[in-house]
Amino acid sequence: MPSRRRSALVEKLVVDQPGRPQHAILDELRRVILDGAVPPGTAIPLADVADLFGVSQIPVRESLKTLIGEGLVSHRSNAGYTVAQLTPQELREMYIVRETLEAASLAAAIANANDEDRAAVLAANDVLAQAIRDDDPVTFHRQSRNFHLALTRPSRMHRLLHMLESAWNVTEPVQSMVHVRPADRAELHADHCLMLDAFVGGDVEQLLTAAEVHAQRLNAVIATLPTDTGLLVSGDISSAQ
């Protein structure tokens with residue numbers, strides 16, 4: 001009998017020593033999912049993950065329950081655990097959540113920003129610019145998150161920032177910016193540059209305007225993502241624990 005093929009997610013997990021505690025298992029599962037190394041819908045076989053970490057299935061199951069709560073994992077009785085999938089509508093809704101939380105923090109971010117904060121935004125934008133020049137969609141996707149979080153972090157609104165990062169996490173398995181046209185990424189980066197200028201210049205009104213334009217463009221781009229590649233799915237995919 002041929003050996004069973006290993007899950008793509010299990011192949012990506014890194015275990016430095018067997019018998020790791022539950023929080024380490026949780027962190028590693030979350031890292032692989034957020035890294036975009038495995039697409040939505042990828043199987044997460046409970047027994048295989050437990051064997052890899054050298055633990056019983058209990059801490060793995062508890063870790064997966066936490067990830068279900070974070071929106072990163074789905075569970076169905078007939079399909080087991082998988083990397084969570086979103087419908088196009090759910091993806092649009094999560095982008096609206098992200099935009100709303102970001103907008104709520106920007107005025108405070110400008111007011112509280114210091115030189116180190118401004119340098120962090122500049123550095124993130126420089127990496128984005130290089131990704132555009134290199135036509136490197138993976139780096140552009142990752143650094144877009146870093147850029148937006150660098151803009152909002154100076155607000156020091158810690159609960160809001162936690163919610164914002166959680167909303168970003170839910171959309172990460174889709175890897176949206178990897179799958180849009182290069183021309184769209186270039187236009188989105190032009191928006192980033194306008195947001196950067198306003199942030200560094202301390203112009204709240206200009207930053208909010210630029211962020212709103214960016215959100216509208218982003219929503220239009222997201223609406224073009226294909227639904228026939230497994231990135232997004234149609235219908236009701238509600239998770240069951």
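Heavy-atom surface analysis with a 1.4 Å probe gives the chain a carbon and sulfur content of 52 percent of its accessible area. Computed with a 1.4 Å probe on the full set of protein chains, the accessible area for I110 sits at about 20 Å².
Over all other residues within a Cβ to Cβ distance under 13 Å of E172, the charged ones net out to +2, with Lys and Arg as +1 and Asp and Glu as -1.
Full extension of the chain segment joining E70 with Q130 gains 18.4 nm, where the gain is 0.36 nm per residue of separation less the Cα-Cα distance. A protection proxy built from the mean count of other Cβ atoms within 10 Å ranks the segments 140-153, 70-83, most packed first, as 140-153, 70-83. Normalised per residue, the accessible area of the range 140-240 is 46 Å², obtained with a 1.4 Å probe and no contribution from ligands, DNA or RNA. Label-to-label distance for L194 and V138 is 3.2 nm, based on points extended 7 Å past Cα in the beta-carbon direction. For the options E102, E187, E116, a Gaussian network treatment of the chain with springs between C-alpha atoms closer than 10 Å singles out E116 as fluctuating the most. The slack in the chain from Q216 to N112, taken as 0.36 nm per residue of separation less the alpha-carbon distance, amounts to 34.8 nm.
The values are calculated or read from the model by the stated rules, or taken from the named source; none is laboratory data. Values in this document were obtained by computation on a predicted structure and should not be read as measured data. Virtual Cβ from ideal backbone geometry, glycine too; neighbours counted across all protein chains shown. Protein only, heavy atoms only, side chains kept; ligands, DNA and RNA dropped before computing areas. Shrake-Rupley method; radii C 1.70, N 1.55, O 1.52, S 1.80 Å.
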